[in-house]
Every structure is written in structure tokens, then in C-alpha cells.
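Report on one structure; see the data block that follows.
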Amino acid sequence: MASKSKLYFIPGSQDLYGEECLAQVRKDCQEMVQFLNEKLSDVAEVVLMPTVETSKVCVEDIRAAENDDDCVGVITWMHTFSPAKMWIKGLQILRKPLLHLHTQANERLPYSEIDMDFMNLNQAAHGDREYGFILARLGIPHEVVAGFYKHDDVVAKIRRFAHVAAAIACGRNLTVATFGNNMRDVAVTDGNRLECEIKYGWEIKYWGIGEIASLANTLSDAEIDQKMGEYQSKYTMATDNREAVREQAKYEVALETFMKQNGVGAFTDTFQDLHGLKQLPGLASQNLMAKGIGFGPEGDYKISALSAVLMKMSEGREGATGFIEDYTYDLEKGQELELASHMLEVPPAFAATKPEIQVHPLGIGGKEDPARLVFDGVTGDGIQVTLIDLGDHFRIICADIELVKQPEPMPKLPVARIMYRHKPNFAIGTAAWCYAGGAHHSVVSTALTREDIAMFARLTGTELITIGDDTTEADLQKFFTPGR
Ligand code: MN
């Protein structure tokens, strides 16, 4: 995560309490912000803003948050009662993710000392409810985190908010280059590009793949040599066909150059439009994904954007995150497993061991044999996330999975692969995914959890369906979309 991410902390009170009380509010907030800065220094800087005592201050605070490009989100807390009409105009201009911290300056009640002054000063139970009402009344997506601010679980949730807010900010600055269009007859990869930009800020822009082909032909030998050096240092060269690998090196340098020139952070291609390219970009796309570039095959701009956003969310956290395609099953009763892979483009983040560069024919697309990275995948708990367009709204589906070691080697499968087990079991887990309309393209992550995705869904106002050990046969009815 970029260390310059900021979270603006805006406390609430009112000007009826007098200077002494407001000075104490300020002092307590400073202490709280200092504590949060110590705990969150690796993910964000928390910036204390003037206490909201009037509508004017509220507008000024939120305007400042909106105007600061480094600010990814806003934290609010009502130390005292803060009549919520004074928050309306400010909240109406807030576009950044909002965390409502429902906490207190004091952990315990001072039973033997408590008097009216103390109760008036420390009344989040009162003020935060008034504030919660206006958020609900205005229909503002937000996250509520409740508990004493020094408790580990509360800090962990604020930390999660910092990651998710940074990911949302990344999406709002994201341009996805679609080289070629959607794979002609595929439904789930298509949808409303305009709505993606309105809702998530993702700018989905079209370019012909010829742009990359032309750029690739202008590159110097030195540029390609340098990329080959990068491949050699990161991967095992398990082919004699260096020309095929150089071809991929050319594509990657061309794609990198193009994306830099056009401010692009994610892309799609399609094997149905490779005009001017000799191979489908395999190794090139894989190595770009390893650098946090979003990718979707077959024109899948939604998954390309989502993969870039979730890779951003996972920055600084242990584990792998990237695009994955569902392929085939081992249906041994009670031991069912899924093999997830792709024609070529599996992110090397999932490699359990050093990937090999191999060159094999590709039966689809009618082009030359492409170079690709081949490896077996990592193991551990993970999630599988997809985003579908249902015409009148987007839906995120998030399933808990367990990534497992492949039970036997697959020496004749010339692509990278991961394997996983569905939860709560194969029958319910995969049926739920199908009922929910889940795509065969998704983002798999061993770094993120369902809670991260749920927070992303809440903060972006997206419908969410989750599948996991808590999913029952009876739940399947809930996932079924009634006829239109
Ligand atoms: Mn596909």
C-alpha cells in the first residue's frame, strides 16, 4: 500500500457544550489519533480534522477530504451528542469510503466518580445513534466498527478499512484497456461498461490489438534483451525455443509502454482478435499480473478491473491474489476437487515453486505456439470472488475455498494450475455458485478474506452473496433469482 494513503478523522460534537468541554473533546481525539497512527503506520496516516460543531465545519472538513488525492477514506466518531442535521450538507458531498467508529475515549465507566459532566462529555452511545440515523436516512454506504478503540479487534477492522478504502481509491483511478472486444458469444464477460465507471470509477476503454502489434515492431533488440534477462532471473527457461519466448518479451515491453503512455492499470485481450500478433500473449500477461496489473481474458473487463482492485487490497499482506478460471473437476465421492487454470494466463503469484517457461501448441486461435509459465499452485485457505452484471445491478459472489496440493502430477497438462476444495462441500458450494449466477472467471486470493470483500461490497453499495461453511442446503433458495 502506498504509504501516503491518508484517512481523515472527523469527530463530532456541538457548540452548546462550552469551551472546556470542546477542549477535552479535542484532547481525547488527539490521543485516539496518535494511538491509531502508531498501530496503522504501515497502511495509512490518520489525520485529525477540526471537530464538527456546526454544519459549516462539517462541509469544510469533508471538502478537505474530497480535495486531498492522498485521502482514501474518512473516519467519523461522535464524542458527544452532535445533532445530525449539521452533518447533512457535508455528508452529501462525501464520495470517499466512510467508517463510522462507534467507540469511546474511556474503556470502563468510572462508577464511583461518574457525574453529569462525565456523562455529558462521553456520550457516544447517544451521539453515534443520532449520527447512524442520518447515515441511514441519507442512504450513504458506510462501515460501522463498534468497540473500544484500543481493542485489537477494533484496530484490525480499522486496518481492514484502510486496505479496502485504498482498493476503492485505486478503482476510481483505474483505466482498463480492452484490446479487442468481448469473446463473441460469451455472456458473463459482457455487460454495462458505463455502469462500471459510474459505480466503481473503472474507465473501460477500447483499443485495437494492432496498437500493441505496431509498438512491438518498433522495439530495439536491447529492450527485448532486457526483458529476456528479467525472465531468466525470475523463471526457469525450460524450452529451446527462445524465439517464441522473445516474441512474448516483445509483447510485454509493448504492453508496458502502451499502459504507461495511456495511464492504464489493467487490460484484456481475446484470442479472437490477435491481429498482427504471432502468439496469444501468455508469458507476457502472466509477468504483468505479477506486477499488480489487472488482467481478464476474452475481453472480461470486469474481472480485469476487479483483479487490479483486489491485488491493491492485498498489498502488504501475505498470500497470492489474481485472476483464475474454473475448468474441470475430480468428482471422487466426498473428496471432490476443482482444477482451476486457463489456456495460458495464470498469475505466477500462485506458484508454489519456481515457474518454468515452456512453449507448447495452443489448439485455439490459430496462432503460433505461445510461451507460458507452468507451475503447480500454492495451498491454504482462500476465497474466490466474482462480479456479475444482472442488468439492473451488480452482484459480488464470494466463496470460501481451500487450496490444496494436486493429488497426483499432471505431466501432460502444459499450463499452470491450482486446485481447490469447495465449502461447505462440493454439492452445496458449487450449486450455490451456479444459482447465484457466478462466472467461470474470478479472482482467487489467499491473502484476502470474506470480511474484506463484504466491506468492499458495503462501501460500494454492491449486492453480496457469500458461500462457505455457514451455507446450508436451505440457503440455496435465497440465491435463486426469481423470473423477470
Ligand atoms: Mn474464460
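The values are calculated or read from the model by the stated rules, or taken from the named source; none is laboratory data. On a predicted model such as this, the values are computed, not experimentally measured, just so you know. When we count neighbours, we look across all protein chains shown, and the Cβ atoms used for this are built from the backbone with ideal geometry, even at glycine.
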- Would you mind stating whether F295 is more than 22 Å from the chain's Cα centre (by Cα) and within 13 Å of the ligand (Cβ to nearest atom)? no
- For the range 316-338, which residues satisfy the criterion of being under 21 Å from A290 (Cα atoms) and within 16 Å of the ligand (Cβ to nearest atom)? G322, F323, I324, E325, D326
- Task: Would you confirm whether any residue within the range 245-267 is under 24 Å from G363 (Cα atoms), crowded, with 23+ Cβ neighbours inside 10 Å and within 16 Å of the ligand (Cβ to nearest atom)?
- Result: yes
- Message: Condition first: in contact with a Gly (Cβ under 8 Å, 6 or more places away or on another chain), away from the ligand (no atom under 16 Å from the Cβ) and within 23 Å of V164 (Cα to Cα). Now tell me which residues in the range 417-458 satisfy that.
- Response: S445, T446, A447, L448, R450
- Task: Give the residue, chosen from A244, A266, that is out of contact with any Pro (no Cβ under 9 Å at 6 or more places or on another chain) and among the aliphatic types (A, V, I, L, M).
- Result: A266
- Query: Which residues, taken from the range 175-220, are within 16 Å of the ligand (Cβ to nearest atom) and among the basic types (K, R)?
  - Reply: R184
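One line per residue, one yes/no per condition, for (1) part of a helix (DSSP H, G or I); (2) farther than 20 Å from G299 by Cβ; (3) among the polar types (S, T, N, Q):
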| site | (1), (2), (3) |
| --- | --- |
| D190 | no, no, no |
| E195 | yes, no, no |
| S214 | yes, yes, yes |
| E256 | yes, yes, no |
| K260 | yes, yes, no |
- Message: Looking at (1) away from the ligand (no atom under 16 Å from the Cβ); (2) buried (at least 22 other Cβ atoms within 10 Å of the Cβ), which one does R159 not meet, given that it meets all the others?
- Response: (2)
- Note on the structure: The residue from D469, D376, D392, D475 that alone is free of Cβ contacts under 8 Å to residues at least 12 places away in the same chain and not aromatic (F, W, Y) is D392
- Query: Looking at the range 268-292, which of the residues that are away from the ligand (no atom under 16 Å from the Cβ) and part of a helix (DSSP H, G or I) is surrounded by the fewest Cβ atoms within 10 Å (Cβ to Cβ)?
  - Reply: L288
- Scan the strands (runs of 3 or more DSSP E) fully inside the range 51-156 and keep the ones with 1 or more residues being surrounded by fewer than 19 Cβ atoms within 10 Å (Cβ to Cβ) and in contact with a strand residue (DSSP E or B) (Cβ under 7 Å, 6 or more places away or on another chain). 143-146
- Note on the structure: Within the range 20-47, the count of residues that are among the acidic types (D, E) and touching a Cys at 6+ places or on another chain (Cβ under 8 Å) comes to 0
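Would you check if there is a residue in the range 385-405 being within 18 Å of E345 (Cα to Cα), among the aliphatic types (A, V, I, L, M), assigned by TED's automatic domain parsing to the domain that holds L339 and at pLDDT 95 or above?
Yes, the range 385-405 has at least one match.
For (1) surrounded by 19 or more Cβ atoms within 10 Å (Cβ to Cβ); (2) aliphatic (A, V, I, L, M), each residue gets a yes or a no:
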residue	(1), (2)
S307	yes, no
S314	yes, no
E318	no, no
Y329	no, no
G334	no, no
A340	yes, yes
A349	yes, yes
K367	no, no
V374	yes, yes
- Before we move on, is K302 part of a helix (DSSP H, G or I), within 16 Å of the ligand (Cβ to nearest atom) and in contact with a helix residue (DSSP H, G or I) (Cβ under 8 Å, 6 or more places away or on another chain)? yes
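Only one of E318, E325, E336 is under 20 Å from P424 (Cα atoms) and out of contact with any Leu (no Cβ under 8 Å at 6 or more places or on another chain). Can you tell me which?
E336
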- Task: Can you confirm whether the range 86-99 contains a residue that is without any contact (Cβ under 8 Å) to a residue 12 or more places away in the chain and either touching a helix residue (DSSP H, G or I) at 6+ places or on another chain (Cβ under 9 Å) or more than 16 Å from A162 (Cβ to Cβ) (or both)?
- Result: no
- Checked pairs for the range 335-362, first within 18 Å of D381 (Cα to Cα) and without any contact (Cβ under 8 Å) to a residue 24 or more places away in the chain, second in a loop (DSSP other than H, G, I, E, B) and within 14 Å of the ligand (Cβ to nearest atom), C-beta under 9 Å and 6 or more apart or across chains, list as none
